[in-house]
Amino acid sequence: MVAAAAMAADEAERARGRRAALSFATIAVVLGLPLWWKTTETYRAALPYADIDELGQQPVQLVVPMAVVFAPGSVPGDLPMPLPFRDVQEMEISVNLRSSVTSRYEMRYRSTTAQEEAALAAATARGHHPGLSDHGTAVYVGKHRSALVRAGGSLAALQARLREVTQVMSFTASSIAAALSDRVPDGRLGPDARRNLKSSLGYEITFSLLNPDPKSHTVDWDIEGAVNRFVKPVLDKLSLVANFSVDSQILYYAVLGVTPRYDKESSSFLLSAHSLPHVINPVEARLGSSAASLYPVLNFLLYVPERSHSPLYIQDKDGAPVSTNAFHSPRWGGIMVYNVEAPASPQTSLPLHVDVDMARVMEVFLAQLRLLFGLSREEVPPEFLLESPGNEGLADWELDHLLWAHTVENIATVSTTLTSLAQLLDKIGNIVIKDDVASEVYRAVASVQSAVTELSLGHLLAAFQASKEAVTSSERAFFDPSLLHLLYFPDDQKFAIYIPLFLPMAVPILLSLVKIVRETRLRKKEPTKMD
């Protein structure tokens, strides 16, 4: 009886041990492992991957509303229908294999109202529209958003003129190619397509006076007054496109990186066109502003030649002197050489005081600024006469041109940025995606979609503002400091860290489970005792 009781007690103890081992194993597998996996996993907020993929192939349509108004006696006799009527013309350019941009011109043909006839007659009487009276002038383009056209008596001649007007005043295939020069194949680009500045939320403009020979010249320039008088009106109008900041500096003993060639016939020094690219790098090292800037820096340099290289003139590719004695570098800025008149007498005391003619200098720099933004008027047909924009520096339709170009470029930039971000996050799974990063991505996608919608409705300013918001949000998401995969452990390192902690606990449990399985198999093999 004692032996039987002892055996029963041992069996009860072993059963209790098996239950304890099974309980530990169950808790570890059912509760411990999921809890450990959940608490050590990388948090990744959901992103709109499908919407991001659609951005790269979403067609963009630019709607340009136009009104064609016929003055009395100017209505062609072969119009397809009585006035007023509407017509739609479209022009499409494929950006790449997945996306395209379509310009849609919604044209409304009508006659002038009595008020418009009176205004036109008054303007002509005051001489505000002298262009059409000039011999050879067929189109007079105002500084706002209107043009006077002499097109002959047929509809075909009128439509030909209207195509020329839209080519000048609106957003065409060449404009799209220039705005998206990094995405359009090279074969579809013109020679100057990559000259324009890339779209940016802001630009920094630096005016620099380079005086390499301060012992010979004391140069005085009223840069503050010149900026307020000539530059500020232009930047005020461009403020719709981007934010601008302006600063200035004077650099002494800053010489050009190229030694000019002396010309005996003219007793002057010459800089040839092929040597101009070598001028910028040595000078740029002295400027010291672009490295600390968050935005593109536009440099405008006024160079007063040293006395031993005066006078200094710039030659073009044909060897002819450049009238402005200046040149510009695409997406960088421009340099103007300002020669100082030689002293009347060799006994003149040095340094010679020089007062810079800022009106002449700023006229050159503002022309270069227009070139940098792609607002060249050299491509206008000869029969076009353009009204001067005055102190504002650019016409309203030229501002529209910039808004169109930058909107389309912003949409393409955001699409590229978000696609790159989505590919990065999909490839590296251990990067944390915080909620604020995800919200910036959602905001960028929504802003791009809004910009595309506003463009299709012809709301240019609203579309541009939405595209700017999209750029801001996409850059915040892409450059968020938390998106550094080196900050987080990959899965293999996570296991390497935690296995030494779990192994001491797991080994006894596993051994107990193995023992339970072995004992269970042995009991099944023992013969059943018969009473």
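Here the helices (runs of 4 or more DSSP H) wholly within region 107-198 that include at least 3 residues being at pLDDT below 85 and in contact with a helix residue (DSSP H, G or I) (Cβ under 8 Å, 6 or more places away or on another chain) are 173-179. Criterion applied to Val297, Val337 was being touching a residue at least 40 places away in the same chain (Cβ under 8 Å), in contact with a Ser or Thr (Cβ under 6 Å, 6 or more places away or on another chain) and β-branched (Val, Ile, Thr), and the one residue passing it is Val297. Could you please find all residues in region 375-392 being part of a loop (DSSP other than H, G, I, E, B), within 28 Å of the chain's Cα centre (by Cα) and of a type outside the set (A, V, I, L, M, F, W, C)? Ser376, Arg377, Glu378, Glu379, Pro389 - these are the residues of region 375-392 that are part of a loop (DSSP other than H, G, I, E, B), within 28 Å of the chain's Cα centre (by Cα) and of a type outside the set (A, V, I, L, M, F, W, C). Number of residues in region 438-453 that are under 19 Å from the mean Cα position of the chain (by Cα) and closer than 18 Å to Ser100 by Cα equals 5. Among the residues of this structure, Ser103 counts as one that is modelled with pLDDT of 80 or more, surrounded by 15 or more Cβ atoms within 10 Å (Cβ to Cβ) and under 30 Å from Val60 (Cβ atoms).
The values are calculated or read from the model by the stated rules, or taken from the named source; none is laboratory data. Note that the coordinates shown come from a computational prediction; the quantities given were computed from them, not determined experimentally. Glycine also receives a Cβ, built like all others from the backbone with ideal geometry; neighbour counts cover every protein chain displayed.
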